[in-house]
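Peer 1: Have a look at this one before I ask anything.
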Ligand SMILES: *[C@@H]1O[C@H](CO)[C@@H](O)[C@H](O)[C@H]1NC(C)=O
């Protein structure tokens, strides 16, 4: 018996692989998106390390995942004035995509100066998984190790894959097939059947192509050269990766094309824990009609919020006295009544799953969208940046959420939209339906992600997926523009005289 145990322990340790995850510098949010897969792989017995460059210690990761943080001194993170001004006061536009790529590149430039970086770079790995956005360190390490040791590598979309990057993957996703990240806030609506909506989608796709496809590629290439890999381009990167793991839900209205190599791994629900005693006592007050949970994620900083916005929320929550309100808030002290509790950190998933929780007021970050769906909690969204606007719009179209415009709303809108969702049970019926579609699958989507990851490791240099031949073409060739130009020339020549 002991012998069998020993042999099986030996076998499983032989199968265990060394996997490196590389995340966007300073980003707890992106790290958190990759963590479930990293933890699931660690649970399978693999040796999993998460590498992130950061100004601050990002803490333990749990679930058997090791961390390797590189200490930054000078690189900016997203909590700077310029970005926070965009967050609170402006529409998010595709031309604003360049700065985070610069941050990622600056972080890499700082990292290569440190032995701690080379400890990671000099090791051999069985697989390198890199954040797909803003992370030149990960793309460079992946391509370098593939060239050097034949190590497979993969991209991980911590958000919805950018339109520009789907072009590099030759997925033929037409920009007008789904709302874009940059959907205007007013009016908060989009449909492909409207001409002007399609025009705005195409404009966003074109500007994003210039920002990300050209400028960010150039910035990132310069940084990647510092680690000794000089041939980076998006197109080469996507030809080089074995697959793209995607955290965004694949069933969230507006279907888009997929490849066998786009592995969606984020549509799963996990359980929740009971609340701490004092919080449980607070929310289970018999006088309360239910709990409202207000949280805007880890990136949005309240200290940078205009007075107008803070005052509107304070006035609104103070007005909703029939409810207990938990507000995940870090900033200057606020004057709120006793039915409101401010918490610097709240157990979000456990609160949303609590039976008394009736409404989530959220920024629409991807993890929050999924936690709302899993806990069947209707939402009022106030989106700020990145895919949040798209997610909020789709949620509204699917009938489980309402919307607040960060640039124009006041206390009354918060009260009106909240009461609307609280008093109409259709919102909850809709989210229950969405949840059933979200998790109704042949197998759990996280397990599926683990399956494909292990298969990519096992196959190593052999291909696992069919790749599209279009990935070898320039975009003008892929869109037949060269053939079309020839035709036009021919027509012109023959009709000339
Ligand atoms: C990494 O490898 C390079 C080249 O082989 C070597 O010069 C360097 O000292 C190594 N660094 C570490 C920290 O292992």
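What follows is calculated from the coordinates using simple rules that are stated; it is not laboratory data. Every value quoted in this text rests on a predicted model; they were computed, and no experiment measured them. All Cβ positions, glycine included, derive from the backbone under ideal geometry; neighbour counts span all protein chains shown.
Peer 1: Between residue 493 and residue 469, take the C-beta separation as r, use R0 = 41 Å, and let me know the FRET efficiency to the nearest 0.05. List each step's numbers first, then the result.
Peer 2: Numbers: r = 31 Å, r/R0 = 0.75.
About 0.85, to the nearest 0.05.
Peer 1: Could you work out [θ]222 nm for the chain from helices alone, using -39500 (n - 2.57) per DSSP H run of at least four and dividing by all its residues? Round to the nearest 500 deg cm²/dmol.
Peer 2: Helix contribution divided over all residues of the chain: -13000 deg cm²/dmol.
Peer 1: When the convex hull of the C-alpha atoms of the chain is computed, what volume per residue in Å³ does it have?
Peer 2: So the per-residue hull volume is 181 Å³.
Peer 1: Report the gain in length on full extension from residue 66 to residue 191: 0.36 nm times residue separation, minus Cα-Cα distance, nm rounded to one decimal.
Peer 2: Gain in length upon complete extension: 40.6 nm.
Peer 1: Hey, fewest Cβ within 10 Å first, where do 407, 196 land in order?
Peer 2: 196, 407
Peer 1: Let me ask something else. Quick one: of the DSSP bridges fully inside segment 48-207, what percent are antiparallel, nearest 5?
Peer 2: Once the DSSP bridges in segment 48-207 are tallied, antiparallel ones form about 0 percent.
Peer 1: A further question follows. Set the Förster radius R0 to 22 Å, insert the Cβ-Cβ distance between residue 476 and residue 258 as r into 1/(1 + (r/R0)^6), and round the FRET efficiency to 0.05.
Peer 2: FRET efficiency, residue 476 to residue 258: 0.35.
Peer 1: Here is a further query. Starting from the Cα of residue 424, step 7 Å toward the Cβ, then list every residue of segment 175-197 with an amide N under 18 Å from that point.
Peer 2: Zone members listed by number: 188-190.
Peer 1: Ok, one more. Quick one: go through segment 369-398 and flag any residue whose amide nitrogen is under 18 Å from the point 7 Å out along the Cα-to-Cβ line of residue 203.
Peer 2: So the set is 390.
Peer 1: Which order do 465, 296 fall in if you start with the one that has the fewest other Cβ atoms within 10 Å?
Peer 2: Values: 465 17, 296 23.
Least crowded to most crowded, the residues run 465, 296.
Peer 1: Mind checking the full-extension length gain between residue 280 and residue 85? Use 0.36 nm per residue of separation minus the Cα-Cα distance, one decimal, nm.
Peer 2: So the chain would gain 66.6 nm between residue 280 and residue 85.
Peer 1: Among 381, 237, which comes first, second and so on when ranked by fewest other beta-carbon atoms within 10 Å?
Peer 2: 237, 381
Peer 1: Roughly speaking, what is the stretch gain from residue 149 to residue 444, that is 0.36 nm per residue apart minus the C-alpha to C-alpha distance, in nm to one decimal?
Peer 2: Result: 102.9 nm gained on full extension.
Peer 1: Still on this structure: Mean shadow of segment 131-208, computed from the convex hull of its alpha carbons, in nm²?
Peer 2: Projected over every direction and averaged, the Cα hull of segment 131-208 covers 6.1 nm².
Peer 1: What distance in nm separates the two pseudo spin-label positions at residue 74 and residue 308, each 7 Å out from Cα along the beta-carbon direction?
Peer 2: So the two model labels end up 3.8 nm from each other.
Peer 1: Could you please tell me the mean projected area of the C-alpha convex hull for segment 277-439, averaged over all directions and given in square nanometres to one decimal?
Peer 2: 8.9
Peer 1: Does segment 418-496 come out rounded, prolate or oblate, given a ≥ b ≥ c as the square roots of the eigenvalues of its C-alpha gyration tensor, rounded meaning a/c under 1.5 and, failing that, prolate meaning a/b above b/c? Could you put the intermediate results ahead of the total?
Peer 2: Details: a/c = 5.47, a/b = 1.55, b/c = 3.53.
Oblate is the answer for segment 418-496, as a/c is 1.5 or above yet b/c matches or exceeds a/b.
Peer 1: Give me the distance between the Cα centres of segment 242-290 and segment 149-192, rounded to whole Å.
Peer 2: If you average the Cα positions of each part, the centres end up 20 Å apart.
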